[in-house]
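**Student:** Sharing a structure, written as structure tokens. Questions coming.
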Amino acid sequence: MGKASRGKRQRTRDRVGVWTTAGAARRAHEMVRHSVETLDSPFIRAMIAQNFQDGLTDSYRTAALSGGLSATDARQYALSVTVGAVGAAPPHSEDLDEYADWAVAQHLGLLREAEVFVISPAAHAAVMAAAVTLEIADTATLDRDADLPVPTGLLVLPEPVVLSNRVGALSDVAAFGWTPIRMFNGWPPVAGGMPGVRVTVFMDRDGPVQPEDWRMAVSLARSAGTPMPMLVPDGMEGMVGDGKLADLSADELHERSLQVQELQRALRRHAQVRRQAQEVGEWSSGEVIEDPTQDFVRRYMFAFWRLAAQKSTQVSAPKPARHRERGTNRARPSARCRTGL
């Protein structure tokens, strides 16, 4: 969500000026600091619970389309691929408010522990280009022990990327966080789970997507004394990280990708299209990324990790801006920041 007018977006660019490593690093740490202080709020919990509900509905529809499961088993399957896939261990409760509390704790832990990365516009463009060439099955060749630059990280983009999902809803991605997890999305459930990586998508609170209901929510949250964080969590995805598909041929990976895409197309045909008038601001490429199969996040992160593995990064230690701590128990984010070149 989140969308600024063209005039507002242009003013932002004028203020920021030319992208620099130091400026981007300072901005990234400020976003992290502010988000740690404000993310634990009822507004964020309500958004997370709704995201889980939407995912649960899609997953239940997947089970129904696949057939062969009872209603009870289909519900448990849906929970396993909704919350189990992002690290929630079974048995899985049907109380989504409980998982909203759990997710808030996971987001806060990520922001406090992650090593922060910023990426230059040129490197970002290279990752975007690489992501286009990938198929979803390619991302399943991920070996988290070999491919991740650090176990837990947060990548802040040089400018939000606007995505359009399979039902036409827009969102603007400002940052990606990742951390190793055990995934519990097997069916029947696999004891102990599987090694994986949880990717958290963060929206830009003040980004180029600003529908009326979002502006109202931001205003209400501010009036209630619980302002929205600068980085707003917009869902989590689990990526298998054991590298077991790495030995498949290109043809076999392509066939698996086609199977996943067909399932997503079936879900799109059965989904209720919920569109609303949204004002789209300009961004660097001048286009919205169409993501009907909803695999852009995985493809982008896989491409970024492979780029980082080429050692095309530099490490700097910017000094975070001085600020007054609001509580003695708040953990400050790490000052170190890696920069993609």
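The values are calculated or read from the model by the stated rules, or taken from the named source; none is laboratory data. Note that this is a predicted model, so its numbers are computed, not measured. No Cβ is skipped: glycine too gets one built from the backbone with ideal geometry, and neighbour counts run over all protein chains shown. Areas reflect the complete protein model, heavy atoms only, side chains present, ligands, DNA and RNA absent. Shrake-Rupley method; radii C 1.70, N 1.55, O 1.52, S 1.80 Å.
**Student:** In whole Å, how far is the Cα centre of the range 205-221 from that of the range 40-89?
**Tutor:** 26 Å
**Student:** Moving on. Only Cα pairs under 8 Å and at least 6 apart count here; give the relative contact order of the range 132-214 as a rounded whole percent.
**Tutor:** Averaging sequence separation for qualifying contacts and normalising by length gives 26 percent for the range 132-214.
**Student:** Sorting check: for 186-194, 23-31, 174-182, 208-216, which peptide has the highest mean count of neighbouring beta carbons within 10 Å, and how do the rest follow? Display every interim value, and only then the final one.
**Tutor:** Working: 186-194: 13.7, 23-31: 20.3, 174-182: 22.3, 208-216: 17.6.
Result, highest mean Cβ count within 10 Å first: 174-182, 23-31, 208-216, 186-194.
**Student:** While we're here: List, in order, the whole-Hz ³J(HN,Hα) value for each residue of the range 92-106 obtained from phi through the Karplus relation with A = 6.51, B = -1.76, C = 1.60 and θ = phi - 60°; use x for Gly and Pro.
**Tutor:** Here the 3J(HN,Hα) series is 9, 6, 8, 8, 6, 5, 4, 6, 5, 4, 4, 5, 4, 4, 5 Hz.
**Student:** Starting from the exponent 0.38 and prefactor 2.2 Å, build the expected Rg for the range 105-161 from its residue count and divide its actual Cα Rg by it.
**Tutor:** Numbers: Rg = 13.3 Å, N = 57, 2.2 N^0.38 = 10.2 Å.
Rounded to two decimals, the normalised Rg is 1.30.
**Student:** Sequence-distant or interchain residues sharing an amide H contact under 5 Å with residue 234, placed H: which?
**Tutor:** Under 5 Å from the amide H of residue 234 lie the amide H atoms of 201, 202, 203, each far enough along the sequence or on another chain.
**Student:** Show the residues, 5+ positions off or on another chain, whose built amide H is closer than 5 Å to the amide H of residue 228.
**Tutor:** Those lying under 5 Å, H to H, from residue 228 are 222.
**Student:** Which GluC sites (Glu not before Pro) does the range 62-167 hold that lie in a coil by DSSP with at most 16 other beta carbons within 10 Å?
**Tutor:** 94
**Student:** Of 116, 187, 168, whose Cα points farthest to the positive end of the dipole of the range 112-206 (charges on the beta-carbon: +1 Lys, Arg; -1 Asp, Glu; origin at the Cα centre)?
**Tutor:** The one lying farthest along the dipole's positive direction is 187.
**Student:** Note down the nm distance, to one decimal, between modelled labels 7 Å out along Cα→Cβ at residue 89 and at residue 50.
**Tutor:** Placing both labels 7 Å beyond Cα along the Cβ direction yields 3.2 nm.
**Student:** Can you give the Rg/Rh ratio of the range 37-158, where Rg is from the C-alpha atoms and Rh is the Kirkwood radius? Can you show the working numbers first?
**Tutor:** On the way: Rg = 17.6 Å, Rh = 17.1 Å.
Result for the range 37-158 is an Rg/Rh of 1.03.
**Student:** Once the dipole of the range 197-243 is set up with Lys and Arg at +1 and Asp and Glu at -1 on Cβ about the Cα centre, which of 202, 235, 219 lies farthest towards its positive end?
**Tutor:** Ranked along the dipole, the leading option is 219.
**Student:** Please list 19, 305 from largest to smallest accessible area, probe radius 1.4 Å, with all protein chains kept in place. Don't skip to the end; give the middle numbers.
**Tutor:** Values: 19 70, 305 0 Å².
Putting 19, 305 in descending order of accessible area: 19, 305.
**Student:** Oh, and also: Net charge around residue 102, counting only other residues with Cβ within less than 11 Å of its Cβ (Lys, Arg = +1; Asp, Glu = -1)?
**Tutor:** Once all neighbours under 11 Å are counted, the net charge is -3.
**Student:** Along Cα→Cβ, 7 Å out, is where each label goes; now give me the distance between the ones at residue 306 and residue 191 in nm to one decimal.
**Tutor:** If labels sit at residue 306 and residue 191, their model points lie 3.7 nm apart.
**Student:** Right, here's the next one. Can you work out ³J(HN,Hα) from phi for every residue in the range 27-36, in order, using Karplus 6.51 cos²θ - 1.76 cosθ + 1.60 and θ = phi - 60°, giving whole Hz and x for Gly and Pro?
**Tutor:** With the stated coefficients, the range 27-36 comes to 4, 4, 5, 5, 4, 5, 4, 4, 5, 4 Hz.
**Student:** While we're here: What does the convex hull of the alpha-carbon atoms of the range 149-213 project to on average, in nm²?
**Tutor:** Details: hull surface 26.6 nm².
For the range 149-213, the mean projected area of the Cα convex hull comes to 6.6 nm².
**Student:** Moving on. Rounded to the nearest 0.05, what FRET efficiency do residue 290 and residue 71 have when you use their Cβ-Cβ distance and R0 = 30 Å?
**Tutor:** The pair residue 290/residue 71 has a calculated efficiency of 0.30.
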